[in-house]
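Notes follow the structure.
Computed from the coordinates by the stated procedures, all read-outs in this text should not be read as laboratory data. None of these values were measured; they are calculated from a predicted model. Cβ coordinates were reconstructed from backbone atoms using ideal geometry, including for glycine residues, and neighbour counts include every protein chain displayed.
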Amino acid sequence: MKSHVKSSLMRVLVMGLLVSVVAGCTFTKKHEQEAQKKAQEQGLSQVEKSRFDGTFVAPGVDFAKYKKLLVEQLDMENVEILKSSSRNFTRDTPWTLKPADKAYYQERYTEALIKNLVADGTYVTSVAASDDVLVIKSRILQIAPLASKDDSDGRPGIMKVYSEGMGTMTIEMSLYDSITGKAVGIITDKRDLGRIWEENNRVTNNIQVRLAFDAWLRKLRTELDNLSGR
């Protein structure tokens, strides 16, 4: 009798743990869910112990064969701006990305990519498709600032704003075989733009944007090294 009760309790406990695990897997972030959906549609599998929030690659792909990169300009269109209810927002003026802002983000992305993937000679850039060319397409999905934008529209007169970091930014990087055009990888990640209390202005925001791209492209290099067996 005791053995039967113990066995029943064990089954209940195991089922409870399984339910908890399954339930926990469903509580993923929006960008992770979207990347996972795309990955499933394209037959990609999740990489365990990724340095990103989510990394998915095509099974059986020989990443070591890719010696060149065809890099498209960072996509800054249709970026979701998630405005918080912080008191640091002094006006109802929308936080918008102007052409100069988009150009700055694109330049820092390209700069970080060259620094982390090309400068040491591991990869070279290419403008044409070939068996050894990997295509990289990246886009910014969301920016969640913690204060009004530091410009004449967002901040009236001369004022100083302080915040714990500048907010967050989310990226998606897609990898394609240049010959087949098929996706061989999808990566997504959200990053804090600083975590310390400091003045929130254009200079500090730009610094954090540069640091974010450098961190993302450094991690991309690590992921590609691991996938290539380097």
query: Along the three principal axes, how long is segment 79-230 when you take its alpha carbons, biggest first, rounded to the nearest angstrom?
result: 56, 26, 22
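In segment 165-230, what chymotrypsin sites (Phe, Trp or Tyr not before Pro) fall in a loop by DSSP, with at most 10 other Cβ atoms inside 10 Å?
Details: sites: Tyr176, Trp197, Phe213, Trp216; in loops: none.
Sparse-neighbourhood loop chymotrypsin sites (Phe, Trp or Tyr not before Pro): none present.
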query: Which trypsin sites (Lys or Arg not before Pro) in segment 194-228 pass both tests, a DSSP loop state and at most 10 other beta-carbon atoms within 10 Å?
result: Arg195
- prompt: For segment 93-175, which trypsin sites (Lys or Arg not before Pro) are both in a DSSP coil and crowded by at most 15 other Cβ atoms within 10 Å?
  reply: Lys160
query: Roughly what % antiparallel, to the nearest 5, for the DSSP beta bridges in segment 29-228?
result: 75 percent
